[in-house]
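Undergrad: Please see the structure below; I have some questions.
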Amino acid sequence: DTGVSQNPRHKITKRGQNVTFRCDPISEHNRLYWYRQTLGQGPEFLTYFQNEAQLEKSRLLSDRFSAERPKGSFSTLEIQRTEQGDSAMYLCASSTGQGSYNSPLHFGNGTRLTVT
Amino acid sequence: DAKTTQPNSMESNEEEPVHLPCNHSTISGTDYIHWYRQLPSQGPEYVIHGLTSNVNNRMASLAIAEDRKSSTLILHRATLRDAAVYYCTTSDSWGKLQFGAGTQVVVTP
C-alpha cells in the first residue's frame, strides 16, 4: 500500500492559464474523490468517481473545472482560465467502495495551487 | 447533507484524555459518522467511524448519542503527536464526506 499519490505538490500559475493535477489512488480502490481546501477551512467536496464513471459534481465546480478518470485508474483535475479565487489545496482521496458504503477515505497530501 | 458543528479549539495536557464533541443534528438514519485528523501540509487521516454503537480502535474511541444527533471522539492519552485539526464528518451512501471547520487540538507537555 503506497498510499494516494498527487502530483505536483505545488503549482504556481498566472491568472488565465490552465492547470492540470494528477491523482493516483491506492491500487484497486474503486472510488476516487476530489476535494478543495482553503486556509482555515475543512475540505469541500468537488466530485467523485465510481471506477471510470463520474457520479456527482458539486455546485462549487464551475464549468472551468473538469475531472476525468480514464479506465478507472488515475484521475486528472483540470482548471481552465484560472482565477485568483482558485488558489487552494486540492486533495484527492480513494476508497474501496465495496461491501458496505462506509469504507474510510484515504487522502493524498494534496496539490497546493497558487494563482498570481 | 448533514452539517456538523465542533468547537474551534481544545487544549489538553500530555497523557490526559481528550473528549472532542460534535453535533450533527440533521444526520439521516443511514449516514455514518466519521472522524479524521489533519496535520499541517498533509491530507486528512482517518481516525474512526460508526453508525449507532460506540466504537473503539487503536487510535481512539467514538461515543455516539442514542439519538445520533451528537458524538464524542475520545483520545485516551493525548501525546504531542495528537496535536492536529480533528474533523467530525458524516458519510452518505456513496462515501462522500461533508467536512466542517474542525477542532484544533493543542497538547501541552
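Undergrad: Go through the stretch A:24-45 and report how many residues are more than 9 Å from chain B (Cβ to nearest Cβ) and closer than 13 Å to A:Ser75 by Cα.
TA: 8
Undergrad: On the basis of being over 14 Å from A:Phe21 (Cα atoms) and within 14 Å of another protein chain (Cβ to nearest Cβ), does A:Glu56 make the cut?
TA: In short, yes.
Undergrad: Another question, then. Hey, can you tell me all the residues within the stretch A:104-116 that are at the interface with chain B (Cβ under 9 Å from one of its Cβ atoms), assigned to a strand (DSSP E or B) and not hydrophobic (A, V, I, L, M, F, W, C)?
TA: A:His106, A:Arg112
Undergrad: Looking only at the stretch A:60-80, decide whether some residue is within 11 Å of another protein chain (Cβ to nearest Cβ) and among the aromatic types (Phe, Trp, Tyr).
TA: Checked the stretch A:60-80: no residue is within 11 Å of another protein chain (Cβ to nearest Cβ) and among the aromatic types (Phe, Trp, Tyr).
Undergrad: Next question. Are there any pairs with C-beta distances below 6 angstrom linking a residue in the stretch B:22-42 that is over 29 Å from A:Arg112 (Cα atoms) to a residue that is surrounded by fewer than 21 Cβ atoms within 10 Å (Cβ to Cβ) and β-branched (Val, Ile, Thr), with the two at least 6 apart or on different chains, and if so which?
TA: Taking only residues 6 or more apart or on different chains, the pairs are B:Asn23/B:Thr5.
Undergrad: I'm trying to understand the selection: among the residues of the stretch B:71-109, which are without any contact (Cβ under 8 Å) to a residue 60 or more places away in the chain, surrounded by fewer than 20 Cβ atoms within 10 Å (Cβ to Cβ) and more than 14 Å from chain A (Cβ to nearest Cβ)?
TA: Answer for the stretch B:71-109, where residues must be without any contact (Cβ under 8 Å) to a residue 60 or more places away in the chain, surrounded by fewer than 20 Cβ atoms within 10 Å (Cβ to Cβ) and more than 14 Å from chain A (Cβ to nearest Cβ): B:Thr72, B:Ile74, B:His76, B:Arg81, B:Ala83.
Undergrad: With (1) of a type outside the set (Gly, Ala, Ser); (2) part of a strand (DSSP E or B); (3) surrounded by 16 or more Cβ atoms within 10 Å (Cβ to Cβ) as the list, and B:Arg68 as the residue in question, which single condition is left unmet?
TA: Condition not satisfied by B:Arg68: (2).
Undergrad: Do we have any residue at all in the stretch B:37-53 that's modelled with pLDDT of 95 or more, among the polar types (S, T, N, Q) and within 18 Å of A:Asn102 (Cβ to Cβ)?
TA: Checking the stretch B:37-53: not a single residue is modelled with pLDDT of 95 or more, among the polar types (S, T, N, Q) and within 18 Å of A:Asn102 (Cβ to Cβ).
Undergrad: Could you tell me whether the stretch A:14-27 includes any residue that is hydroxyl-bearing (Ser, Thr, Tyr), more than 13 Å from the chain's Cα centre (by Cα) and under 22 Å from A:Arg112 (Cβ atoms)?
TA: no
The values are calculated or read from the model by the stated rules, or taken from the named source; none is laboratory data. Fair warning: this is a prediction, and the values are worked out from it, not measured in the lab. Positions of Cβ are generated from backbone atoms using ideal geometry, with glycine treated the same way; all protein chains shown enter the neighbour counts.
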